[in-house]
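The values are calculated or read from the model by the stated rules, or taken from the named source; none is laboratory data. Please read these numbers as outputs of a predicted model, since none were measured by experiment. Cβ sites come from the backbone with ideal geometry, for glycine too, and all protein chains shown count toward neighbours.
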Amino acid sequence: ATETEQQDLVIIGGGVAGYVAAIKAGQEGLKVTCIEKRGVLGGTCLNVGCIPSKALLNNSHLYHQILHDTKARGIDVGDVKLNLTQMMKSKDTAVAGLTKGVEFLFKKNNVNYVKGTASFTGEHEVKVNLSEGGETSITGKNILIATGSEATPFPGLEIDEKRIVTSTGAIALEKVPETMTVIGGGIIGLEMASVWSRLGAKVTVVEFLGQIGGPGMDAEIAKSAQKILKKQGIEFKVNTKVMGGDASGEKIKLEVEAAKGGKQETLESDVVLVAIGRRPYTAGLGLENIGLETDDKGRMVIDQEYRTKLPHIRVIGDCTFGPMLAHKAEEEAVAAIEYITKGHGHVNYGAIPSVMYTHPEVAWVGQNEQELKASETKYNIGTFPFSANSRAKTNLDTEGMVKILADAETDRILGIHIIGPNAGEMIAEGTLALEYGASSEDVARTCHAHPTLAEAFKEAAMATYSKAVHF
Ligand code: FAD
Ligand code: NAD
């Protein structure tokens, strides 16, 4: 397809939402063009989000473990040194491999890839300022907006991505800061705090609420995560407001105030990470040219089938409603293409897992205790600690537990909350159980291999309606 030929589908944004939709559309035989301004496919997730952060989390964990956790395992190591430049290179290699992979998949599935910035000039037409210079116009029978999100700025703190950073700067620091203050104890804050604390920084996390972990995390699990991360050396100031900052001196000064009692103090650090959430990104799209609006949080307004009030224009991913997660964007991408080609699609928003890739990991799906209490649902709780799991014991990695919440009357699983080694992998089993409407007894009567961490999942299910065997 050439750019001047009318396309069946024009996709704005080549992040997870956009690129998955493009591949799927190509597979369905649609004439599809995907426009991306970054110069690289994969969006936030592959370039500055999920992938680079996990590369750093994995390698910083390995480094930390070699430093502090080998003796009891019978491994005596000599001089251990951090080579941060190489650690960053290893991260970049992972990113480059994956983004090139997406480009390959575009070719394989006949997706036309245009590098440039798109904006609406008509209801079926976008103008693209090409990255290599010049501009072009592309028309589409259908248009899919997948322009993603950006870090929410903190008023009064100017981001330079060197000393005052968002996650983008935090995954690319050139040296380990002596001290780091993280504003916001959500997922980004805690993952990045883990990385830099393991590499030697003294990290303080300032959280506005009384609970860390961001929205959705079960309060009991969040408390446990805070305790474990504190033991690892991260300092927490919860129920604390950042009032303002001053970056003019050698150290950055942050004025903070306790929410209760109003006690004030000044925190000094070399690097400040702003991690107070992300907001939809639709700047420069020219939505006003076609009369499309966003809500008070900047999210594009859509119906159940992802349609704006112009039904041939759909929106998916971080720039619209729902959790800002890559796998949510991916599900929506497939569903949106199915709506276009078949008239029906499916995403179960009640069964989208969340994972925090700290060590131990925290993972959950479905409802937490706070939510069940608020809706006055009667539920049973089954828990099983990893300290009673044989595999966790053999691995000398026993912190955490599995917690299953099931309907008191029907035993149907309502929520699964795990803090522990490999929680992010184990939650797939929980998500499947939730999706299939399993009862906790269904899970408990499913044979799990021994010795595996997943046995903790089975035993927590057992404890929901009966008693665990090993605890
Ligand atoms: P994006 O990935 O933001 O992609 C949108 C793309 O659109 C961008 O590449 C942008 O350049 C392009 N674009 C915007 N406007 C235009 C325009 N006018 N013309 C052309 N192109 C345009 N999620 C997880 O599920 N797991 C994780 O482990 C995880 N880790 C994360 C870690 C960090 C540090 C961050 C910041 C995020 C993380 N996320 C994670 C969230 C995840 O990255 C997002 O949910 C996901 O990227 C959303 O995909 P998207 O396609 O909607 O948006
Ligand atoms: P978040 O919403 O998860 O957490 C932000 C935290 O900052 C909350 O705990 C909030 O109470 C706190 N906060 C807000 N304003 C504050 C203030 N003024 N002072 C102190 N604390 C304040 O947001 P995030 O951690 O920035 O992450 C953004 C998005 O990226 C989320 O949707 C997240 O799901 C996604 N993400 C996911 C992963 C993952 O899946 N592993 C990793 C990174 C990011």
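Can you tell me which residue among Gly97, Gly14 is at pLDDT 95 or above and within 16 Å of ligand 1 (Cβ to nearest atom)? Before you say what the answer is, go through the steps one by one.
Numbers: Gly97 fails: within 16 Å of ligand 1 (Cβ to nearest atom).
Among Gly97, Gly14, only Gly14 is at pLDDT 95 or above and within 16 Å of ligand 1 (Cβ to nearest atom).
So which residues in the stretch 162-199 are of a type outside the set (Val, Ile, Thr), in a loop (DSSP other than H, G, I, E, B) and away from ligand 2 (no atom under 12 Å from the Cβ), if there are any at all?
The initial filter retains those residues of the stretch 162-199 that are of a type outside the set (Val, Ile, Thr), namely 162-163, 167, 169-170, 172-175, 177-178, 180, 184-186, 189-194, 196-199.
When the remaining residues are screened for being in a loop (DSSP other than H, G, I, E, B), the result is 162-163, 172-175, 177-178, 184-186, 199.
Result: Lys162, Arg163, Ala172, Leu173, Glu174, Lys175, Pro177, Glu178, Leu199.
Regarding Asn83, is this residue of a type outside the set (Gly, Ala, Ser), away from ligand 2 (no atom under 16 Å from the Cβ) and either more than 25 Å from Val203 (Cα to Cα) or buried (at least 20 other Cβ atoms within 10 Å of the Cβ) (or both)? Reasoning before the result, please.
Numbers: of a type outside the set (Gly, Ala, Ser): yes; away from ligand 2 (no atom under 16 Å from the Cβ): yes; either more than 25 Å from Val203 (Cα to Cα) or buried (at least 20 other Cβ atoms within 10 Å of the Cβ) (or both): no.
Judged against the criteria, Asn83 is not a match.
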Scan of the stretch 140-189 for residues that are within 10 Å of ligand 1 (Cβ to nearest atom) and either of a type in the set (Ser, Thr, Tyr) or in contact with a Phe, Trp or Tyr (Cβ under 7 Å, 6 or more places away or on another chain) (or both), ordered by number:
Thr147, Gly148, Ser149, Glu150, Thr166, Ser167, Thr168
Output the helices (runs of 4 or more DSSP H) that fall wholly within the stretch 308-401 and possess 2 or more residues being among the charged types (D, E, K, R), modelled with pLDDT of 95 or more and within 16 Å of ligand 2 (Cβ to nearest atom), or say none.
326-342
A careful count of residues in the stretch 408-457 that are closer than 19 Å to Met217 by Cα and part of a strand (DSSP E or B) gives 8
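Quickly run through the stretch 360-400 and pick out the residues that are closer than 27 Å to Trp196 by Cα, in contact (Cβ under 8 Å) with a residue 24 or more places away in the chain and surrounded by fewer than 23 Cβ atoms within 10 Å (Cβ to Cβ).
Keep residues of the stretch 360-400 that are closer than 27 Å to Trp196 by Cα, which gives 360-364, 386, 392, 395-400.
Restricting the remaining residues to those that are in contact (Cβ under 8 Å) with a residue 24 or more places away in the chain gives 360-364, 386, 392, 395-397, 399-400.
Glu361, Asn395, Leu396, Asp397, Glu399 - these are the residues of the stretch 360-400 that are closer than 27 Å to Trp196 by Cα, in contact (Cβ under 8 Å) with a residue 24 or more places away in the chain and surrounded by fewer than 23 Cβ atoms within 10 Å (Cβ to Cβ).
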In the stretch 41-99, the residues that are among the basic types (Lys, Arg) and assigned to a helix (DSSP H, G or I):
Lys54, Lys71, Arg73, Lys89, Lys91
Filtered residues of the stretch 279-329 (kept if hydroxyl-bearing (Ser, Thr, Tyr) and closer than 18 Å to Lys141 by Cα)
Tyr306, Thr308
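Mind telling me which of the residues Glu293, Glu305 ends up being modelled with pLDDT of 95 or more, farther than 22 Å from Thr181 by Cβ and away from ligand 2 (no atom under 12 Å from the Cβ)?
Details: Glu293 fails: modelled with pLDDT of 95 or more.
Step by step, each of Glu293, Glu305 is checked, and only Glu305 is modelled with pLDDT of 95 or more, farther than 22 Å from Thr181 by Cβ and away from ligand 2 (no atom under 12 Å from the Cβ).
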Quick check on the stretch 267-291: of everything there that is touching a Gly at 6+ places or on another chain (Cβ under 9 Å), part of a loop (DSSP other than H, G, I, E, B) and not aromatic (Phe, Trp, Tyr), which residue is surrounded by the fewest Cβ atoms within 10 Å (Cβ to Cβ)?
Gly277
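Which of the following residues is over 28 Å from the mean Cα position of the chain (by Cα) and under 30 Å from Val20 (Cα atoms): Ile313, Ile302, Ile290?
Values: Ile313 fails: over 28 Å from the mean Cα position of the chain (by Cα); Ile302 fails: over 28 Å from the mean Cα position of the chain (by Cα).
Going through Ile313, Ile302, Ile290 in turn, the sole match is Ile290.
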Residues of the stretch 241-262 being in contact (Cβ under 8 Å) with a residue 40 or more places away in the chain and not in a loop (DSSP other than H, G, I, E, B), which ones?
Val242, Gly244, Gly245, Ile252, Leu254, Val256
